[in-house]
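I have placed the structure first, in the form of structure tokens, so that the comments after it can refer back to it.
The values are calculated or read from the model by the stated rules, or taken from the named source; none is laboratory data. Worth saying up front: this structure is predicted, and the values here are computed from it rather than measured. Here the Cβ is made from the backbone with ideal geometry for all residues, glycine too, and neighbour counts use every protein chain on show. For the accessible areas, the whole protein counts, side chains as well, though only heavy atoms, and no ligand, DNA or RNA atoms are used. Shrake-Rupley method; radii C 1.70, N 1.55, O 1.52, S 1.80 Å.
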Amino acid sequence: MRPLQARSVTVAAAAAVTILTGCGGKPTGNWPQPNGDLEGTRAAAGSGLDAGNVSRLRVRWRFRFTAKPSLSGIYASTPVVDAQTVYVQDLRSNVFALDRSTGMLRWARRYRALNDGPNGLAVARDRVYGATDSDAFALDAETGRELWRRHLTSAVEQLVDVAPVVWKGFVFTSTVGYPPSGRGAIYALDAATGDVRWKFVTIGRPWRYPRRAGGGGLWYPVSIVLQGRLYGGNSNPAPWGGTPELPNGGAFPGPALHTDSLLVLDARSGRLLWHDQVTPHDVRDYDFQATPIVLGDRVVGAGKAGLVIAWDRERRRRVWTTRVGLHRNDVGPLPRHAVPVCPGLLGGVETPMAYADGRVFVPVVDLCVPGSATTTRELDTLDPSLGRGLLVALDADTGKPLWMRRFPSPDFGCATVANDVVFTSTFDGTVYGLATDDGRVLWRATLRAGLNSCPAVAGDDLLVGAGVPRAGSITELVAFGLS
């Protein structure tokens, strides 16, 4: 593994920031966890934004990302916010602390460690938690000084690309696994020291063909309830498709537990309480990765298979399943000749959902990709701009679709709710504010680069990162406020 290089810089002003309007009063409302709260609802508590005033949102300030992009651009996560500061991490693992009112740079901690994301941060008790591609870390929230660092990767745990979650002295993060031999694991670290409190390997048994197979691990954050139950969505086995010698996932015969599963652990010990595998023996890269949302006695999860599923948390059984988006050649073995597979490798539910007032809001990507039993298509050969997007509102009790809003570009932008407005963003650089009751467009804005990151709402502020370069683009974090 390459050595990590880090330095902290504190400044009073930065040329990368443009302040467009003044702001009055002390900011209110925070967004401390990557999905806002521990339950994963992505609902903004205490926000004053609603259907009556969202049309007044205007750009307040911009902070420019200047590092060299990765495969996924330069920014792919959700900002986190405390009383006075916005914290963001780019896809070179660099962390920036910005004045919440002006966008001016308070400090920067530069790791220069390439990550394809989504990565991201959490802030709690004057500390900022995150990770590079290989190491988890804690920073002093006031200065950016590194307080601890914990190395996590190995020959069988090749990458960290998930945002952490902080709970009762624990920091929860994960590695992911790739061929050869990869077996991603969930970690609970001590929030004060970074020591490993427990580790849960998400692949139940060693691979039969370890030189050919790998997989598992989380790349979107866990959710947690007060009783100490941790819910995570596990990723896929690989290679998807197959080879002429080992077609249709022959490198990992059998169901490949616990890939593509909802995992429920004891948050204090890491003991597996129960699980449900959504796609046994997955040959299409159908991660079940979106952060599960805890809704009272239920938990709702989703992933790249385009399935949204609700479970009874106590009875540990499915209550409803709803298919969203395009579905074609998406179950069973693949034929040896290429066929269009929908959802494709970048399709289905790619990013986290949101919940408010009895409704689950699901961002969807419709993008079909040719697939066969003997080939493995690489992600970097795909053009996401060829896809389309939609946001679907489901009844949380029944899974029944209530409304659907289609977009001309893939919805890689999560869903985020403020009162009766749900925000999302699309790959072409458009941010939408929709009415939660019927999906009508209340507000939209076009940013100066493409989007595959997620909005955060803190008080009356909407924060969105445009991190996908295109011709003549400017990659930046943009703060919107009420005019």
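Given a cut-off of under 8 Å on Cα pairs at least six residues apart, what relative contact order in percent is computed for segment 59-102?
On the way: 55 pairs, mean separation 14.3, N = 44.
Rounded, it is 32 percent for segment 59-102.
For Cα pairs less than 8 Å apart in space and 6+ apart in sequence, what is the mean separation divided by the residue count of the chain, i.e. the relative contact order in percent? Present the calculation step by step, with values, prior to reporting the outcome.
Numbers: 1567 pairs, mean separation 70.5, N = 483.
That works out to 15 percent.
So if I take the centroid of the Cα atoms in segment 207-237 and the same for segment 104-130, what is the distance between those two points in Å?
Segment 207-237 and segment 104-130 have Cα centres separated by 23 Å.
Please work out the average accessible area per residue across the chain, using the 1.4 Å probe convention, and give it in Å². Mind dumping the intermediate values first?
On the way: 17500 Å² over 483 residues.
Averaged over the residues of the chain, the accessible area is 36 Å².
When Lys and Arg each count +1 and Asp and Glu each count -1, what net charge do the other residues less than 14 Å away from Gly332, Cβ to Cβ, add up to?
Charge balance in the 14 Å sphere: +1.
Of the listed values (i) 71, 61, 40; (ii) 63, 48, 48; (iii) 72, 56, 40, identify the label whose number matches Cα extents along the principal axes in Å calculated from this model.
(ii)
In terms of Cα to Cα distance under 12 Å, which aspartates and glutamates are near enough to Lys304, apart from those fewer than 8 places away along the same chain?
Cα-Cα hits under 12 Å: Asp260, Asp282, Asp285, Asp287, Asp330, Glu350, Asp366.
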